[in-house]
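Taking it in order: structure first as structure tokens, then the write-up.
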Amino acid sequence: MRAPSICGCGRVAQTGRSCLACSAARAKAYEARRPSARERGYTSKWETESKAFLAKPENRLCACGCGRKADMVDHITPHRGDMSLFWRRSNWQPMASSPCHASMKQKLERAHGR
């Protein structure tokens with residue numbers, strides 16, 4: 001086990017990581033720059049289409065195989081603003097929002113540095 005280090009702001013942090021305050025500040029700045037859900041395409045049309053997708057018998061359970069009831073539609077490949085990819089149903093999968101989607105997103109964000 002290695003000793004904690006000092007973050008650039010002067011606070012104690014885990015070795016090789018920034019402190020919680022800096023991480024929280026970075027997350028807050030990211031959210032401030034991020035377009036709103038409506039601006040990213042999650043409109044009333046999306047709500048209608050995603051509910052219809054989840055209503056199909058083959059889409060009732062989470063795609064990860066956990067057996068939970070799916071309560072949201074996940075984009076398999078992140079659309080990153082590409083509306084043709086956003087609306088491509090072959091890119092949709094049923095998911096349980098928590099813990100499946102939440103943990104999957106966190107894993108992806110850690111892998112890609114957000």
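Of the helices (runs of 4 or more DSSP H) lying entirely inside the range 1-99, those carrying at least 1 residues that are at pLDDT 95 or above and over 15 Å from the mean Cα position of the chain (by Cα) are 44-55, 83-87. Would you confirm whether or not the range 78-85 contains a residue that is surrounded by 10 or more Cβ atoms within 10 Å (Cβ to Cβ), in the same structural domain as residue 104 (by TED's automatic domain parsing) and under 19 Å from residue 104 (Cα atoms)? Yes, some residue in the range 78-85 is surrounded by 10 or more Cβ atoms within 10 Å (Cβ to Cβ), in the same structural domain as residue 104 (by TED's automatic domain parsing) and under 19 Å from residue 104 (Cα atoms).
Taken over the range 72-107, residues that are out of contact with any His (no Cβ under 9 Å at 6 or more places or on another chain) and either closer than 19 Å to residue 41 by Cβ or among the small types (Gly, Ala, Ser) (or both) amount to 21. Checked against the criterion of being without any contact (Cβ under 8 Å) to a residue 60 or more places away in the chain, within 19 Å of residue 101 (Cα to Cα) and not aliphatic (A, V, I, L, M), the range 17-33 has at least one qualifying residue. Evaluated against (1) within 18 Å of residue 97 (Cα to Cα); (2) in contact (Cβ under 8 Å) with a residue 24 or more places away in the chain, residue 40 falls short on exactly one condition, (1).
The values are calculated or read from the model by the stated rules, or taken from the named source; none is laboratory data. Given the structure is predicted, the values throughout are model-derived calculations rather than measurements. We place every Cβ from the backbone using ideal geometry, glycine too, and count neighbours over all the protein chains shown.
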